[in-house]
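The values are calculated or read from the model by the stated rules, or taken from the named source; none is laboratory data. Everything quoted here is computed from the prediction, not taken from an experiment. As a convention, Cβ positions derive from the backbone with ideal geometry for all residues, glycine included, and neighbour counts pool all protein chains shown.
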Amino acid sequence: MSWLDDSDDLDDDFEAYDESSFRTRPNPKANRPRTKRRPAHEDAQIGRVLGVDRGRYSVLLDEDTPDEHAITAVRARELRRTPIVTGDRARVVGDTTGDEGTLSRIVGIVERTSLLRRSADDTDQVERVIVANADQMLVVVAAADPEPRARLVDRYLVAALDAGIRPLLVVTKTDLADPSEFLAHFDGLDLRVFTSAQEEMPVDEIGAALVGHSTVFVGHSGVGKSTLVNALVPSALRATGHVNQVTGRGRHTSSSTVSLRCEGPEGAGWVIDTPGVRSFGLGHVQPDNILAAFTELAEIAEECPRGCTHLHDAPDCALIEAAERGELSETGLARLDSLQRLLQTFADKAEQSPGR
């Protein structure tokens with residue numbers, strides 16, 4: 001028998017592999033198969049994140065228009081690993097009317113202009129995002145009760161300079177102590193300073209410095225930060241506390257970060273109030289970013305040997321040699337001293353790192 005006589009059998013074999021006979025698995029839920037493709041959301045609106053409370057974000061839409069209103073939104077599933085913080089410009093979809101009971105969805109974040117971060121401690125490389133898109137930082141300290149901590153302020157300044165944020169400083173409770181000795185620590189830095197007493201709070205002066213800016217307020221607990229915020233934004237109603245007379249520590253009163261509009265006779269700005277902290281880790285900061293903030297010193301430092309620390313005992317440091325030759329002005333010497341104090345913070349961090 002020839003192979004042609006087996007054609008019927010071959011047809012039967014091919015029929016067994018015919019794709020038209022493939023049976024799909026039942027899909028009782030009628031759901032679509034998973035895909036990594038996401039909708040473009042061309043209709044998304046962009047708003048300012050004012051704050052977050054237990055997974056619910058308050059977002060301001062149509063800012064500075066007659067239709068301005070706040071909505072409540074949740075994070076889209078695809079953003080579950082993306083931190084969304086106060087100050088972010090969020091892209092939202094869904095019901096954006098803001099009516100009671102409505103809920104929108106954040107589907108994206110506009111590229112940030114700045115990002116203020118801190119770590120748990122100096123050896124921790126895991127950073128915590130505090131606020132986005134701020135261009136100023138107002139550091140609040142008290143002249144007394146509690147005593148001012150220059151090293152903590154140094155850390156705030158380092159974080160601000162690293163993020164490209166302009167630092168400001170206000171010293172409260174100057175009716176209790178003279179802040180001159182404390183402020184001498186910051187001579188030479190490009191740092192605008194305000195002083196405030198209980199009966200003489202420079203609300204108008206500070207408010208004018210906030211116009212047109214997004215300013216994040218930071219400070220140790222009990223220094224009067226919330227009191228200052230309430231004076232600048234009367235509708236804020238931020239809780240205020242007192243200092244423990246035994247420990248000298250302030251009680252945490254602000255438990256969340258919130259963005260508030262500050263309006264005055266010269267215009268409006270945004271105040272971002274943050275909870276008080278007693279430590280500010282800098283594990284995420286690169287020391288080179290600090291030197292870059294001291295423009296005139298950075299130019300001289302280009303002549304330094306590779307790996308120069310620029311500290312007081314650094315060999316062949318061009319900055320130290322310029323100072324010894326009298327090439328730096330009095331202001332330049334003060335700024336060099338301030339730079340070295342900031343860099344010393346990182347040197348101390350390296351000494352305390354595990355394995356040393």
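Descriptive notes on the structure:
- Of all residues in segment 81-102, those satisfying the criterion of being within 26 Å of the chain's Cα centre (by Cα) and part of a loop (DSSP other than H, G, I, E, B) are R81, T82, P83, I84, V85, T86, G87, D88.
Listed here are the residues, each with its yes/no results for (1) touching a Lys or Arg at 6+ places or on another chain (Cβ under 9 Å); (2) buried (at least 21 other Cβ atoms within 10 Å of the Cβ).
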position	(1), (2)
I106	yes, yes
L116	no, yes
E127	yes, no
V141	yes, yes
A150	yes, no
D162	yes, yes
V171	no, yes
T195	no, no
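- Residue within segment 293-304 that is out of contact with any helix residue (DSSP H, G or I) (no Cβ under 8 Å at 6 or more places or on another chain), modelled with pLDDT under 85 and not small (G, A, S) present: yes
- Of all residues in segment 270-305 being of a type in the set (D, E, K, R) and in contact (Cβ under 8 Å) with a residue 40 or more places away in the chain, the one that is nearest to T86 (Cα to Cα): D273
- Residue list for segment 253-279, restricted to those being modelled with pLDDT under 75 and either within 30 Å of L319 (Cβ to Cβ) or over 22 Å from the mean Cα position of the chain (by Cα) (or both): S279
- Residues that are closer than 21 Å to P265 by Cα, outside the structural domain of T86 (by TED's automatic domain parsing) and part of a loop (DSSP other than H, G, I, E, B) do not occur anywhere in segment 152-166.
- Segment 224-240, subset under 25 Å from G164 (Cα atoms) and in contact (Cβ under 8 Å) with a residue 60 or more places away in the chain, residue nearest to the chain's Cα centre (by Cα): K225
- Scan segment 230-252 for residues that are in a loop (DSSP other than H, G, I, E, B) and either at pLDDT 50 or above or within 26 Å of G55 (Cα to Cα) (or both) and the total you get is 10.
- Residues in segment 52-88 that are more than 18 Å from E100 (Cβ to Cβ), of a type in the set (G, A, S) and touching a strand residue (DSSP E or B) at 6+ places or on another chain (Cβ under 6 Å): A76, G87.
- Of the set (1) touching a residue at least 12 places away in the same chain (Cβ under 8 Å); (2) in a loop (DSSP other than H, G, I, E, B); (3) of a type in the set (S, T, N, Q), all apply to T65 but (1).
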